[in-house]
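Here's the structure we're looking at; comments come further down.
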Amino acid sequence: DAMVIQNPRYQVTQFGKPVTLSCSQTLNHNVMYWYQQKSSQAPKLLFHYYDKDFNNEADTPDNFQSRRPNTSFCFLDIRSPGLGDAAMYLCATSRQWRSYNEQFFGPGTRLTVL
Amino acid sequence: GENVEQHPSTLSVQEGDSAVIKCTYSDSASNYFPWYKQELGKGPQLIIDIRSNVGEKKDQRIAVTLNKTAKHFSLHITETQPEDSAVYFCAASTSGGGADGLTFGKGTHLIIQP
């Protein structure tokens, strides 16, 4: 089945230790998004890629970076995780950047910062 | 930027009764309003969406209404069942959910009492 896959499902890191979360998709969608969802809150968009074009949200901290080496994979790098970065990180895709395209979400990676 | 308010934060209904969740948005340019269902440990899943040129849309037990003048939209679930228990998020987008991503409400925890 076509889907959005996130690995690992649970990630534990230490304060200040770089961590990378990965997302892959078999949908062949052009757009990939990263959202941060803190406990009992709404998902918040961090950035997205339209093909290889990177688009950062204005309030996304510099501590968060992303890479998209090919259509199928996208990575979220947190350079120096703080306690406030503990959250669920959701990857999503959509077929096109134009209107009315459903976003498909992966199951998320829950990040714990010790 | 867009701001989406969602109410109530928690809703408990008896199995078989109807549930209504309401959202308001701030940006009159928003043109796409999806609803997502998030079950425990999973990513959000689209259940229904509506475009700004439509006032109402129905899919079996689920319906969504949109009032552009008042800038609010609502999710209606009839004949609720235990499997409807989840967190529901409304969202809005000015780009049809595409390049600019989605702005989510804070979510409603729907509890179906047997």
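We did not get these values from a lab; they are worked out from the coordinates using the rules stated. None of the values given here were measured: they were computed from a predicted structure. FYI the Cβ positions are ideal-geometry reconstructions off the backbone, even for glycines, and counts take in every protein chain you see.
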* Could you tell me which of the pairs A:K38/B:K58; A:K52/B:K37; B:K22/B:K42 are separated by over 25 angstrom between their Cα atoms in the structure shown? => A:K38/B:K58; A:K52/B:K37
* Computed Kirkwood radius, in angstrom, where 1/r is averaged over Cα pairs of chain B -> 14.0
* Structure fact -> Residues A:V31, B:V87 in order from fewest to most other beta-carbon atoms within 10 Å are B:V87, A:V31
* Asked: So what J values fall out for region B:54-69 if you push phi through Karplus, 6.51 cos²θ - 1.76 cosθ + 1.60 with θ = phi - 60°, rounded to Hz, Gly and Pro as x?
  -> 10, x, 7, 9, 10, 9, 6, 7, 10, 9, 10, 10, 10, 10, 5, 4
* Asked: Which whole-Hz ³J(HN,Hα) couplings does region B:12-27 yield from phi under the Karplus relation 6.51 cos²θ - 1.76 cosθ + 1.60, θ = phi - 60°, glycine and proline marked x?
  -> 10, 10, 6, 3, x, 7, 9, 10, 10, 10, 10, 9, 10, 10, 9, 8
